[in-house]
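A short worksheet on the structure shown next.
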Amino acid sequence: MPILPREPDSFPEDLLEEHRLGERADGRWWALYTLPRREKELVRRLRGMGIWHYCPLVCRRYQSPAGRRRTVWIPLFPSYVFLLGSEMERYLALTTQCVSRTLEVPDEAELVHDLRQIWRLIQSGLPLTPEARLEPGDRVRIRSGPLVGLEGVVIRRRGEDRLLVAVQFLQKGASIELADFQVERIG
């Protein structure tokens, strides 16, 4: 299968700009949950129908088994495409055979704010790593900094995520403030 060049991740390309969003006062935001690995196909079909959407893509570089360097563009949020449109446009998206279900967005202003921030991060050109959400109770390992290799459990205290390193026998331990980019999930 050939590796395709980068395609636009939104339609229209300036979708998240303030002036553009004002044009769709009649539209609502929907999160489309796609069938596995069908995000780009859905985006192509929505663009062909003229339906406004956003699917943030990030660059991944790797080396093939034959030694060739490859660059691919993958969805930052696998299986999700965000649609701005009417109920009829949501229905048309469902007819593409790419969508498993649609999720209503309860706070559209918050979603737009978050999507703009993601868009800015992608536009910065800095390397991004998709991160799975760490939940309290997840076992993690620190992957950078002076505590590299240290393992513990994520806990939540006073609204912040912390790494708990415990002595189980004593049922006591200590915790440090945790930033997601410093850890990786284990086990």
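The values are calculated or read from the model by the stated rules, or taken from the named source; none is laboratory data. Since the structure is predicted, the reported quantities are computational estimates derived from the model, not experimental observations. A quick note on method: Cβ atoms are made from the backbone with ideal geometry, for glycine too, and the neighbour counts reach across all protein chains shown. Accessible surface areas use protein heavy atoms only, side chains included; no ligands, DNA or RNA. Shrake-Rupley method; radii C 1.70, N 1.55, O 1.52, S 1.80 Å.
If only residues of the stretch 26-43 that are under 12 Å from Val99 (Cα atoms) and part of a loop (DSSP other than H, G, I, E, B) are counted, the one that is most open to solvent (accessible area, probe 1.4 Å) is Arg37.
Scanning the stretch 83-101 for residues that are β-branched (Val, Ile, Thr) and surrounded by fewer than 16 Cβ atoms within 10 Å (Cβ to Cβ) yields a single hit, Thr95.
Is it the case that the stretch 72-82 has a residue that's open to solvent by 70 Å² or more (accessible area, probe 1.4 Å), aliphatic (A, V, I, L, M) and free of Cβ contacts under 8 Å to residues at least 60 places away in the same chain? No, because not a single residue in the stretch 72-82 is open to solvent by 70 Å² or more (accessible area, probe 1.4 Å), aliphatic (A, V, I, L, M) and free of Cβ contacts under 8 Å to residues at least 60 places away in the same chain.
Would you please name the residue that is nearest to Arg116 (Cα to Cα), looking only at residues in the stretch 44-68 that are assigned to a strand (DSSP E or B) and open to solvent by less than 20 Å² (accessible area, probe 1.4 Å)?
Just the residues of the stretch 44-68 that are assigned to a strand (DSSP E or B), to begin with: 52-54, 57-63.
Subset that is open to solvent by less than 20 Å² (accessible area, probe 1.4 Å): 53-54, 57-58.
Numbers: His53: 13, Tyr54: 11, Leu57: 13, Val58: 15 Å.
Here the residue is Tyr54.
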